[in-house]
Each structure stands twice: as structure tokens, then as C-alpha cells.
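The values are calculated or read from the model by the stated rules, or taken from the named source; none is laboratory data. Computed from a predicted structure; not experimentally measured. Counting neighbours? That spans all protein chains shown, and the Cβs are built from the backbone with ideal geometry, glycine included. Remember, those area values only see protein heavy atoms, side chains included, never the ligands or the DNA or RNA. Shrake-Rupley method; radii C 1.70, N 1.55, O 1.52, S 1.80 Å.
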Amino acid sequence: AAPGGSAAAAAAPASGGHSADEEDRADFDCSICFNLLLEPVTLGCGHTYCRRCLRNALRVNRHCPMCRAPTYVAANEQPANVLLTRLIERKFPAELAARRAEEAEEVREAEADRLPIFVQEGLLVYPTQPVTFNIFEPRYRIMVQRCMEGSRRFGLQTTPASTVGVVVEINSVRQVSVGVLQIGCRARSRYRTRATAAVEEGTGGLLYADIELLEDAPLAGADAAHAQRLRGILAECVNRMLSTLPPTTVRHAENVHGKMPGSVVPFSLWLSSMLATPVAHRMADLATTSTLDRLRRSYAFLRLLDRQAEAAQRAAAASGGDGGGAAAGGAGG
Ligand SMILES: [Zn+2]
Ligand SMILES: [Zn+2]
């Protein structure tokens, strides 16, 4: 748009007089974003805003931002003002095209870093895992609606105040009974919350957070070699454990956690998901950006299991087969 604009300016008469269109151009500005109105929506009070500006404003409170008149329009459903739309298309086509491109970009960015938050106490889902939820709380039914209007994504956290969570993408929505939606999802990336953005008014407490995606720092040099070595040791250890389990249990584990990944970063997350470690341990595994850190924690946990098993065996041998449990508890401390 900028090139188009400057070309027009260059072609204007040397006298530099403003055309009628330029003079009343400001009348077509949105008083929320101070840009040319995009998809103008007019409220009952007569004030007009861009659809997206209005939607964001009404999420904070349901009043006209100019005159404070209460409003009940649904910003997504209210038809655009036909006359204004036509006038803007005719008078400012280049600027309108630029605004459309700009908004598409902004929507992508906003969706990338602001998500509605779904809180499930104690539930940790790891990236790439499938997961299904039954949604019945009103605020989360609204969340599903918001997701389906936009990027289909929400943030899953174990508490409202968590600073770490997992982006979850909705693949399917099904009404399973009155007031209950079943959503089929897949966990995507881990995130860290930069700030708790807002609670959407009128939703009974639907929370939004500004997030940034978490990725492990690249492994280099000695660390990379060390991580590969640890991966080898841990993979062998897990395969040994799996070989002692019935095939149905192994299949079930694969359905929940996926198959063992080959490369080291997904492997470290997969292992963390597989091991029945304490929640604090799993949270640390999701929060860290150090693959080595995560692998070491899993290694320490497996060593602990080994020592406990050995201690239990020794105790069982010493007492002729009884009282193994107490000895194992002591060895764990
Ligand atoms: Zn606007
Ligand atoms: Zn108004």
C-alpha cells in the first residue's frame, strides 16, 4: 500500500491541494484503532467500529466504547454496514487492500501468542499426544467456540497460575449429551506464559494468557555426544522394562505415549511422559529447554527404581521373603 500511496502523491498536481476524498478521509476511521474501518459494524447507538476492534472491546465489557451505551450485538454475527462498506471500497481501494493484508497478519500473530486457557488439575499431556476432553463448564464451552472461530488452539495448564503449559489443537467437536461437548485434540508445543492477559467478561472466568513457545536449546559439541550416549542407555533400559510387560500393556502405553522416537529431543519428552515420575518432576521436564537436563532427571529416576528393587530383593532374602516394602522405602530416601 505504501508504494501505491506515494505513487498517487507523486502524480498529484504540483499545487498540492487536497481533494475532497482526502479531506473527509478521517470520517472513515475507526475510533478504536484509528485506521480505516475494516468490516464496519454499526451499533444501536449509531457508532461504528471495525468488526475485530468491536469484538475485542466487547470481550472487556459490553458497552459502546464511544458513548458507553450498553450493547447486545454479537460482533461476529452482526452484518457489516453495507453503505459504509461500499463507500470505503469505492473511495479508498488501495488503503482498504493494505488494511486487509495487515489484519490477516495481525490475526495470525495474535493467535500465535494469546490463547484461552483450559485448567485441568494434575493433568499433564505431552506434545504430539492425542487427548480427549468432555467439556461441560460454561466458560470452557465458550472456549471451544472461540477456538473454532479462530486457530482451534487453547493452552492446557494444571493450575490457573501455572507458568508452563501445552498448546492443544482441537480436531473434532461432538455434542455427546445435553450440555456436554467431547473434543478430540492433539497436544502441540510446550509454552511458557509471559503474562496472564485477561478474563473474558460474561464467560464465568475464561482466562487468556500471552504465551511463548518453548523449544529446547540446540545441543552442541560435548553436550550433543553426552545426550546421544544417555539416550542409548535409557532406550535400552526402557526396552528391557517393556519386554517384561504383557503385549496388551505395551500397546496401551504406545497408544497413550506414542512409539519411542529416534531423535533425542522428542525421545527425552517421550520418556518423561512414559515414566511414572512425580508431578513436580514432569513439570520440570516440560518447563526446561535443556534436553540434557531432562534426560539426566529420567536417568536419576531409573537409577532410583533399580536401587529400590535391589534393596527390596536383599531385604526379602535377609528376612526370608517378608517385609521387603519397608526396606525399599528406606533405600529410596
Ligand atoms: Zn478499528
Ligand atoms: Zn455508541
Pair list, Cβ < 8 Å and 6+ apart or interchain, from region 37-66 residues that are touching a residue at least 60 places away in the same chain (Cβ under 8 Å) to residues that are open to solvent by less than 40 Å² (accessible area, probe 1.4 Å) and within 13 Å of ligand 2 (Cβ to nearest atom): Leu38/Cys30; Arg62/Thr71
Please tell me if Ala80 is outside any loop (DSSP other than H, G, I, E, B), open to solvent by less than 60 Å² (accessible area, probe 1.4 Å), within 15 Å of ligand 1 (Cβ to nearest atom) and out of contact with any Lys or Arg (no Cβ under 6 Å at 6 or more places or on another chain). no
Within the bounds of region 177-185, is there any residue that is open to solvent by less than 10 Å² (accessible area, probe 1.4 Å), in contact (Cβ under 8 Å) with a residue 40 or more places away in the chain and not hydroxyl-bearing (Ser, Thr, Tyr)? yes
If a residue has to be at pLDDT 90 or above, open to solvent by 40 Å² or more (accessible area, probe 1.4 Å) and of a type in the set (A, V, I, L, M, F, W, C) to count, how many in region 253-284 make the cut? 4
Being in contact with a helix residue (DSSP H, G or I) (Cβ under 8 Å, 6 or more places away or on another chain), modelled with pLDDT of 90 or more and within 16 Å of ligand 2 (Cβ to nearest atom) narrows it down to one residue among Pro70, Pro65, Pro116; which is it? Pro65
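The rows are residues; the columns are (1) in contact with an Asp or Glu (Cβ under 9 Å, 6 or more places away or on another chain); (2) surrounded by 14 or more Cβ atoms within 10 Å (Cβ to Cβ); (3) under 26 Å from Thr288 (Cβ atoms); (4) touching a residue at least 12 places away in the same chain (Cβ under 8 Å).
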site: Ile117; (1), (2), (3), (4): no, yes, yes, yes
site: Ile142; (1), (2), (3), (4): yes, yes, no, yes
site: Arg152; (1), (2), (3), (4): yes, yes, no, yes
site: Leu156; (1), (2), (3), (4): no, yes, yes, yes
site: Val166; (1), (2), (3), (4): no, yes, yes, yes
site: Glu200; (1), (2), (3), (4): no, yes, no, yes
What is the number of the single condition among (1) more than 23 Å from Thr193 (Cα to Cα); (2) more than 14 Å from ligand 1 (Cβ to nearest atom) that Arg114 does not meet? (1)
Among the residues of region 33-62, what is the count of those that are under 15 Å from Asn81 (Cβ atoms) and within 16 Å of ligand 2 (Cβ to nearest atom)? 15
Go through the residues of region 64-77 one by one and say whether even a single one is of a type outside the set (Val, Ile, Thr), part of a helix (DSSP H, G or I) and open to solvent by 70 Å² or more (accessible area, probe 1.4 Å). no
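This table checks each residue for (1) under 28 Å from the mean Cα position of the chain (by Cα); (2) assigned to a loop (DSSP other than H, G, I, E, B); (3) more than 16 Å from ligand 1 (Cβ to nearest atom).
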site	(1), (2), (3)
Val41	no, no, no
Arg52	yes, no, no
Arg59	yes, no, no
Ile88	no, no, no
Leu96	no, no, no
Arg99	yes, no, no
Glu103	yes, no, no
Thr128	yes, yes, yes
Phe133	yes, no, yes
